[in-house]
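What follows draws every value from the coordinates through simple rules; no lab data is involved. These numbers were taken from a predicted model, which means no experiment stands behind them. Cβ atoms come from the backbone with ideal geometry, glycine included; neighbour counts cover every protein chain shown.
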Amino acid sequence: MNKESNMTVLLKGILRENPVFVLILGTCPTLATTTTVKGAFAMGLAAAAVLICSNAVVSLLRKIIPDSMRIPCYIVIIAGFVTIVQMIMHAFLPELYELLGVYLALITVNCIILGRAEMFAGKNTVGKSILDGIGMGLGFTIAMLAMATIREVFGAGTFFGIEIPFLSTHTIDILIKAPGGLMVYGLLIAVVNIITKGKAIKKKEFSCAGCPSAGICNGGCATAEKEAE
């Protein structure tokens, strides 16, 4: 059982364990839907809604789901909420539904959502799992908006589809393409790393004990640690 305080659980996903910039999860939708602020905001809210709801249900059923079946069960639960979000967006926000396209359905296999179900919701109470979902969902949405703002403002000269004087005629086109997305992503990861650590990573810190993803790594950290030695 996790002994963290409710406030710690809520806030850690915003920066210290940000799912995009620290845990490096959900890279595909992050790069694909951050060409516009509108698309990034819609994806962030959709993923956050699914994350909160799936965390709550997984936590509620954690003592009933057999260990051997937990991953398939988690995927079914997540897929159910993704379908509900899709239906709501299709009915009431058709423009955003078309904008997100296939990436909306792919929330089902988003590593952030499945990872939190496995790492946190399956081991903690419903209340804490909801707080974890809110924090991680907020962190994901903020990360998406940060990337999308840079890419749309400087890559397209607009913000939320509204033209920005001067920038609209002096765009850096590569920023709205895949290479530009990777460049912005890498730079923001570096900035967050500087803020959260404040110093270079020492060799002794390179271990499973200090890794936020150790719970779902399946030995990857240990292998990397041996290679580093």
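Counting other C-beta atoms within 10 Å, and keeping those with at most 16, which DSSP coil chymotrypsin sites (Phe, Trp or Tyr not before Pro) do you find in the stretch 107-193?
160, 166
Based on DSSP H runs of at least 4 residues, each adding -39500 (n - 2.57), what is the mean residue ellipticity at 222 nm of the chain after dividing by all its residues, to the nearest 500 deg cm²/dmol?
Counting only the DSSP helices, I get -19500 deg cm²/dmol.
Rounded to whole Hz and in sequence order, give me ³J(HN,Hα) for the stretch 5-11 from the Karplus expression 6.51 cos²θ - 1.76 cosθ + 1.60, θ = phi - 60°, writing x for Gly and Pro.
6, 4, 5, 5, 4, 5, 8
Measure up 123/197; 3/63; 38/63; 12/38 against 30 Å on the Cα-Cα distance and list the ones that go over.
38/63
Taking amide H positions as placed in the peptide plane 1.01 Å from N, state which residues far from residue 159 in sequence (5 or more) or on other chains have amide H under 5 Å from it.
Amide H neighbours of residue 159, under 5 Å, 5+ apart: 164.
Taking θ = phi - 60°, what integer Hz values does the Karplus form 6.51 cos²θ - 1.76 cosθ + 1.60 yield along the stretch 23-35, in sequence order, with x for Gly and Pro?
With the stated coefficients, the stretch 23-35 comes to 7, 6, 10, x, 5, 4, x, 4, 6, 7, 10, 9, 6 Hz.
Could you work out the local net charge near residue 163, counting Lys and Arg as +1, Asp and Glu as -1, over the other residues with Cβ closer than 15 Å to its Cβ?
0
Using modelled amide H (1.01 Å from N, peptide plane; none on Pro or chain starts), what sits under 5 Å from the amide H of residue 26, excluding residues fewer than 5 places away?
It is 111, 112, by chain and number.
In the stretch 55-139, which trypsin sites (Lys or Arg not before Pro) fall in coil by DSSP and have 15 or fewer other Cβ atoms within 10 Å?
63
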